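A.B. asks: I have a structure I would like to understand better, so I am pasting it below and will then ask my questions one at a time.
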Amino acid sequence: MAALAVLVTVFANTSAFAQEAAAGAAAAAPKQIDMVPIYKSAVFYTMLFLLLCLFVAIVGKAIRVYELTREAQEKPEGINWDTVNAVIFVLFLIVGLGGVYFEYTVHGNMILPDAASEHGKKIDSMFNITLILTTIVFIGTHIALFLFSFFYRNSGKRKAYFYPHNNSLERIWTIVPALVLTVLVLMGFLTWRSIFYKIDDPNNKPLSIEVTSQQFLWTLRYPGADGVVGLKNYKLITGTNGLGMDFNDKNNLDDQNADEMVIPVNKPVRLIITSKDVVHSVYMPHFRVQLNSVPGMTSYFEFTPTITSEDMKLKTNDPAFQYLLFCSKICGSGHYNMKKVIRVVSQAEYDAWIVKQPLFINNDLRKEFKLPLVPDAAAPAAAPADSTAAPKDSSAVAMNKPALKK
Amino acid sequence: MSTITLHDTHNNGHHDDHDHGHHEQSFLTKYVFSQDHKMIAKQFLITGIVMAVIAMGLSILFRIQLAWPDKSFPILETFLGKWAEGGRIKPDFYLALVTIHGTIMVFFVLTAGLSGTFSNLLIPLQLGVRDMASPFMNMLSYWLFFVACIIMMSSFFVQTGPASAGWTIYPPLSALPKAIPGSGLGMTLWLTSMVLFVASQLMGGINYVSTVLNMRTKGMDLWKMPLTIWAFFLTAILGVLSFPVLVAGVVLLIFDRSFGTSFYLSDIVMGSQVLPNEGGSPILWEHLFWFLGHPEVYIVIMPALGISSEVISVNARKPIFGYHAMVYSLIGITVLSFIVWGHHMFVTGMNPLLGGVFMITTLIIAVPSAVKTFNYLATLWRGNIRFTPAMLCAIGMVSFFISGGLTGIFLGNASLDINLHDTYFVVAHFHLVMGSAAIFGMLAGVYHWYPKMFGRMMNAKLGYLHFWVTFVCAYLVFFPLHFLGLDGVPRRYYAFTEFEFMQKWVTVNVFVTWSAIVAALAQVAFLFNFFYSIFFGKKATQNPWESNTLEWTTPVEHIHGNWPGEIPTVHRWPYDYSKPGAEQDFIPQTVPYSETMLSNMPHDFEGNAESERIQREWDAKNAPEKTEVHFH
């Protein structure tokens, strides 16, 4: 059966190739890329590599001749390769330590700025502790590894020390890592709990924002004045109702669409994460937030931003700085381009911004759900069912205002 | 069991005296449909090498895309056609490259190429067995693997391209051809190939386990087995218990794809089309996949650890430090590896309570790994190290195992994983600990047992060149990638062009790509050395590394049945190197204690009072100074 499958594929692919070749020929003709210099350069690089191989071969032969002459003259072996390799290990250690220092200082300075969220600070401090511990072990064990390699290289004079085991030594290096790891596990466990098992502060209730992923964009839904995002059902999804919101649920009537995620500083934000098609991942590295969006399942992540975008621009000394939300789970050809800008602002700025965001509902949807129409002249203009086009329309603001008073 | 025995001549239990090696074999039965474990090992190795070269080539292709995202390479169009129109790799094809690179490397090279080669070669040879428990099943195992390779590669020749949902093929992306073209016929081929591959692994694994358990030669009790065999044995157990789960998962995925079931699918809208599937969960696939997937990474690394233990001990001319601890840590890793799969799923949205539990089990597994590392270091300490190419690779393996293992402590911590998951930090981590470490373990094995496989030696100097360039370049490739991850750059991104903050990493990408190209070219040194030496290498002696284990007691010329006469009897553990009082710095396992009275130590007799008495009397008579040292 497998053989059959192979045969089938072979046939399939020959035909595919034939088609491709035809298409390729058709495409190549108008473009008229001159392939000659390209082939020439390919040949050039191949020759260069062969030349390198030749060089290596000549050096190899030279070494061989040298060693043979030494042998013929009955002198000790010409090159002591054990010593050569042992010395390279030491060189590797020295250069490598320099390289690690370079990486830590140069590339280490290009990484994310300090966490801009409450739980992120805990993650950062735990990261630093782990980094210090692992760096010590990393450097220590490598020094031992390469220096032992150097000092205990074969000298031809010595016999190795017969040392099959030492129980107390082994006990030490079982127990010490176990203890260190216990500390790390405890810290990690407590932090993890504090991130995912939050007790709501009645005075500072989280702002719920729904993030829905699809190939290859995000749709944001703000809950409106009632603070609740309404029910939705994927079966209701149409061209005008991109999220499948059920407008028979009153909570949906004030839900707002937004082009960028604007969140007030120091106020907890509860992300409600869903997906329309495949698995994506909501990744907001500056806030140390990541959670997959899974079709058929709703997940939640709560975090509190602590630094406004403006402050972060000053902190990072980068006037173009932006908080970002992007996808970190392979989701198709546009995976590399799924961006949403996040702006952390003061509560006042947020309040001013949110009233300007359009509602999801419009008269078309009202008709569809048999709801009373709103007699608004400009109503058709405010139909941002699709997140890709979210016009900032004043009519939407007008509709929104009464709802906000509550 | 008396451990002081005369060189024993009774051959009870070995009445299988059919004329090994005398019957004529046709080309087909000798080289193609061979049932001889040594030939099957070579078949696995060469197929593995070919697949490794292909997968490495694929990685160079996508590294080129990452380094020069805006540049056109018309030559790519010549070879790849519509997948690189205008000389630039397309996003879909980029994902296909990443997917197939991962699949080939993890399954076809580091699982089949590594376990398949060395378990087949060494289990019979190091345990004193004439062949595997079931040679026919062993042959089937190879041929199923071979067909799986062919099917996997054939997906490059279908119109919609190879599978491209990542090597973990999470549905719904892998289930819906509309989501990505690679989930069409390419994914069907991937799944078919994987089912055959798992069948191959099961046949191999069952063979390895039954051979190790039932067919060891006289005197070879479990605690006298070399660490290589322990590693292969435990690896096989892992594979036998976890691979079937992947098949279960794959079959359900096939049902979802072809027969309209909803095991993994629910609430999906593709474009404007509402799919009818309800009630499934992609998380189920993730559980099933990682239930294999995590043991899989230990299936990859444990043989490498076993090989390194053996190679380091032989070439440091020292017993491996803490043999028992090494075995127990392997057992610990084996058991624990079944209960850590959830650390791949911390941020999938599964219940956070599970995340906490899996974090604990994951970080516990670091303890046996640490023990192994320190034991390697203690083995090198005060050794008499010969830097054969195999030894260099084994040391390189230890280095990568440390570097990659330590970053695992970050990722195993659920809280830290929130920000590191699916970034380049993960890429760097597993390429060091599972990619580079396992490859270097494999290379160490190839250099070390090449004389056993082909009866000839590889060129040592080319081996040095190959090792040093590869070792340095592997670090140059993977070390900087950690920092991309720490900057929040996700993996499997086709280009860094769409994000302002990623632009600064493009220069690093160029550097990494050049390092990868140099590393790839360095493999030419290995390939040349490997294939040239098969025919023209220096003829090997019977025991070129002066090693203790049984495989070096077989004749250089291969014969079916391995030993021309009687199967050797084992008298001692495999690590009596540089034993005080011994004439040479190694004592093969076949040498009875009665022949090495001067070097025997009290613990050699495992509490056998009679043997200890004989030894004590002998010592009192012949070596009074030794009695002073060892018996007081």
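A.B. asks: Return the residue satisfying two criteria in turn: it lies in the stretch B:263-280 and is assigned to a strand (DSSP E or B) and at the interface with chain A (Cβ under 9 Å from one of its Cβ atoms), and of such residues it is surrounded by the most Cβ atoms within 10 Å (Cβ to Cβ).
C.D. replies: Filtering first and then ranking leaves B:Val269.
A.B. asks: Would you list the helices (runs of 4 or more DSSP H) that sit entirely within the stretch B:352-417 and hold 1 or more residues that are at pLDDT 95 or above?
C.D. replies: Those helices (runs of 4 or more DSSP H) span B:366-380, B:389-411.
A.B. asks: Among (1) within 9 Å of another protein chain (Cβ to nearest Cβ); (2) crowded, with 22+ Cβ neighbours inside 10 Å; (3) in contact with a Leu (Cβ under 7 Å, 6 or more places away or on another chain), there is one condition B:Thr192 misses while meeting the rest; what is its number?
C.D. replies: So B:Thr192 meets the others, but not (3).
A.B. asks: Do you know which residues across the stretch B:174-188 are buried (at least 24 other Cβ atoms within 10 Å of the Cβ) and in a helix (DSSP H, G or I)?
C.D. replies: B:Gly182, B:Ser183, B:Gly186, B:Met187
A.B. asks: OK, next. Checking the conditions here, which among A:Phe127, A:Phe150 is assigned to a helix (DSSP H, G or I), over 24 Å from A:Asn317 (Cα atoms) and out of contact with any strand residue (DSSP E or B) (no Cβ under 8 Å at 6 or more places or on another chain)? Outline the logic, then answer.
C.D. replies: Numbers: A:Phe127 fails: over 24 Å from A:Asn317 (Cα atoms).
Within the list A:Phe127, A:Phe150, the selection yields A:Phe150.
A.B. asks: Of (1) free of Cβ contacts under 8 Å to residues at least 60 places away in the same chain; (2) touching a Ser or Thr at 6+ places or on another chain (Cβ under 8 Å); (3) part of a loop (DSSP other than H, G, I, E, B), A:Leu243 satisfies all except one. Which?
C.D. replies: Going through (1) free of Cβ contacts under 8 Å to residues at least 60 places away in the same chain; (2) touching a Ser or Thr at 6+ places or on another chain (Cβ under 8 Å); (3) part of a loop (DSSP other than H, G, I, E, B) one by one, A:Leu243 breaks only (1).
A.B. asks: Select from the stretch B:60-93 the residues that are closer than 21 Å to B:Phe499 by Cβ and at the interface with chain A (Cβ under 8 Å from one of its Cβ atoms) and list them in ascending order.
C.D. replies: Correct list: B:Lys90, B:Pro91, B:Asp92.
A.B. asks: Can you pull out every residue in the stretch A:128-156 that is touching a Lys or Arg at 6+ places or on another chain (Cβ under 9 Å) and crowded, with 19+ Cβ neighbours inside 10 Å? Spell out how you get there, then give the answer.
C.D. replies: We begin by selecting, within the stretch A:128-156, every residue touching a Lys or Arg at 6+ places or on another chain (Cβ under 9 Å); these are A:148, A:151-154.
Within the stretch A:128-156, A:Phe148, A:Tyr152, A:Arg153, A:Asn154 qualify.
A.B. asks: Can I ask one more? Is there a residue in the stretch B:498-509 that is more than 14 Å from chain A (Cβ to nearest Cβ), touching a helix residue (DSSP H, G or I) at 6+ places or on another chain (Cβ under 8 Å) and part of a helix (DSSP H, G or I)? Give the derivation first.
C.D. replies: Applying the first criterion (more than 14 Å from chain A (Cβ to nearest Cβ)) to the stretch B:498-509 yields none.
No, that holds for no residue.
A.B. asks: Now for a different question. Of all residues in the stretch B:197-251, how many are among the hydroxyl-bearing types (Ser, Thr, Tyr) and out of contact with any helix residue (DSSP H, G or I) (no Cβ under 9 Å at 6 or more places or on another chain)?
C.D. replies: Result for the stretch B:197-251: 1.
A.B. asks: Name the residues in the stretch B:580-605 that are without any contact (Cβ under 8 Å) to a residue 60 or more places away in the chain and outside any loop (DSSP other than H, G, I, E, B), would you?
C.D. replies: B:Pro602, B:His603
A.B. asks: Tally up the residues in the stretch B:488-519 that are within 25 Å of B:Ile49 (Cβ to Cβ) and crowded, with 20+ Cβ neighbours inside 10 Å, please.
C.D. replies: Adding up the residues that qualify gives 5.
A.B. asks: Among the numbered criteria (1) charged (D, E, K, R); (2) within 14 Å of another protein chain (Cβ to nearest Cβ); (3) out of contact with any helix residue (DSSP H, G or I) (no Cβ under 9 Å at 6 or more places or on another chain), which one does B:Glu595 miss?
C.D. replies: (2)
A.B. asks: Something else now. From the list B:Ser309, B:Ser403, exactly one residue is within 10 Å of chain A (Cβ to nearest Cβ) and among the polar types (S, T, N, Q). Which is it?
C.D. replies: Details: B:Ser309 fails: within 10 Å of chain A (Cβ to nearest Cβ).
Criteria check complete, one pass: B:Ser403.
A.B. asks: Read through the list (1) within 13 Å of another protein chain (Cβ to nearest Cβ); (2) within 27 Å of A:Cys331 (Cβ to Cβ), then give the number of the only condition that B:Leu246 fails.
C.D. replies: B:Leu246 satisfies all of (1) within 13 Å of another protein chain (Cβ to nearest Cβ); (2) within 27 Å of A:Cys331 (Cβ to Cβ) except (1).
A.B. asks: Hey, could you check the stretch B:520-550 for residues that are away from every other protein chain (no Cβ under 12 Å) and β-branched (Val, Ile, Thr) and say which is surrounded by the fewest Cβ atoms within 10 Å (Cβ to Cβ)?
C.D. replies: So, considering only residues that are away from every other protein chain (no Cβ under 12 Å) and β-branched (Val, Ile, Thr), the one surrounded by the fewest Cβ atoms within 10 Å (Cβ to Cβ) is B:Thr541.
A.B. asks: Restricting the stretch A:136-157 to residues that are within 17 Å of A:Trp173 (Cα to Cα) and facing chain B (nearest Cβ under 9 Å), which is nearest to the chain's Cα centre (by Cα)?
C.D. replies: A:Phe138
A.B. asks: May I pose another question? Does the stretch B:141-159 contain any residue that is in a loop (DSSP other than H, G, I, E, B) and in contact (Cβ under 8 Å) with a residue 24 or more places away in the chain?
C.D. replies: For the stretch B:141-159, residues in a loop (DSSP other than H, G, I, E, B) and in contact (Cβ under 8 Å) with a residue 24 or more places away in the chain: present.
A.B. asks: Kindly indicate the residue of the stretch A:60-83 that is within 12 Å of chain B (Cβ to nearest Cβ) and among the aliphatic types (A, V, I, L, M) and also surrounded by the most Cβ atoms within 10 Å (Cβ to Cβ) among those meeting that condition.
C.D. replies: A:Ile63
A.B. asks: Okay, moving on. Kindly indicate which of B:Gly293, B:Gly349 is modelled with pLDDT under 95 and more than 9 Å from chain A (Cβ to nearest Cβ).
C.D. replies: On the way: B:Gly349 fails: more than 9 Å from chain A (Cβ to nearest Cβ).
Checking each option against the conditions leaves just B:Gly293.
A.B. asks: Do the conditions hold for A:Ala115, that is, is it assigned to a loop (DSSP other than H, G, I, E, B) and either hydrophobic (A, V, I, L, M, F, W, C) or facing chain B (nearest Cβ under 8 Å) (or both)?
C.D. replies: yes
A.B. asks: Would you call A:Thr274 part of a loop (DSSP other than H, G, I, E, B), within 14 Å of chain B (Cβ to nearest Cβ) and among the hydroxyl-bearing types (Ser, Thr, Tyr)?
C.D. replies: No: the conditions fail for A:Thr274.
A.B. asks: Another question about this same structure. Is it the case that some residue within the stretch B:56-74 is under 18 Å from the mean Cα position of the chain (by Cα), in a helix (DSSP H, G or I) and crowded, with 16+ Cβ neighbours inside 10 Å?
C.D. replies: Looking through the stretch B:56-74, at least one residue is under 18 Å from the mean Cα position of the chain (by Cα), in a helix (DSSP H, G or I) and crowded, with 16+ Cβ neighbours inside 10 Å.
A.B. asks: Tell me yes or no: at least one residue of the stretch A:79-94 is part of a loop (DSSP other than H, G, I, E, B) and in contact (Cβ under 8 Å) with a residue 12 or more places away in the chain.
C.D. replies: Quick first cut of the stretch A:79-94, residues part of a loop (DSSP other than H, G, I, E, B) only: A:79-80.
Those left that are additionally in contact (Cβ under 8 Å) with a residue 12 or more places away in the chain: A:79.
Taking every residue of the stretch A:79-94 in turn, at least one turns out to be part of a loop (DSSP other than H, G, I, E, B) and in contact (Cβ under 8 Å) with a residue 12 or more places away in the chain.
A.B. asks: Just the residues that are assigned to a helix (DSSP H, G or I) and surrounded by fewer than 16 Cβ atoms within 10 Å (Cβ to Cβ), please, taken from the stretch A:157-177.
C.D. replies: Within the stretch A:157-177, A:Asn167, A:Ser168, A:Arg171, A:Ile172, A:Ile175, A:Val176 qualify.
A.B. asks: Are any residues in the stretch B:420-451 of a type outside the set (Gly, Ala, Ser) and within 17 Å of B:Trp545 (Cβ to Cβ), and if so, which ones?
C.D. replies: Result: B:Leu443, B:Val446, B:Tyr447, B:His448, B:Trp449, B:Tyr450, B:Pro451.
A.B. asks: Every residue in the stretch B:536-576 that is farther than 30 Å from B:His603 by Cβ and among the aliphatic types (A, V, I, L, M), please.
C.D. replies: B:Ala540, B:Val556, B:Ile559
A.B. asks: Please enumerate the residues belonging to the stretch B:356-397 that are facing chain A (nearest Cβ under 7 Å) and charged (D, E, K, R).
C.D. replies: B:Arg382, B:Arg386 - these are the residues of the stretch B:356-397 that are facing chain A (nearest Cβ under 7 Å) and charged (D, E, K, R).
Rundown of residues vs (1) surrounded by fewer than 23 Cβ atoms within 10 Å (Cβ to Cβ); (2) under 15 Å from B:Phe243 (Cα atoms); (3) of a type in the set (D, E, K, R); (4) touching an Asp or Glu at 6+ places or on another chain (Cβ under 6 Å), yes/no style:
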position	(1), (2), (3), (4)
B:Ser141	no, yes, no, no
B:Met153	yes, no, no, no
B:Pro162	no, no, no, no
B:Ser200	no, yes, no, no
B:Gly204	no, yes, no, no
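The values are calculated or read from the model by the stated rules, or taken from the named source; none is laboratory data. Note that the structure is a prediction, hence the values are computed from the model and not measured. Quick reminder, even Gly has a Cβ in these numbers, built from the backbone with ideal geometry, and neighbours come from all protein chains shown.
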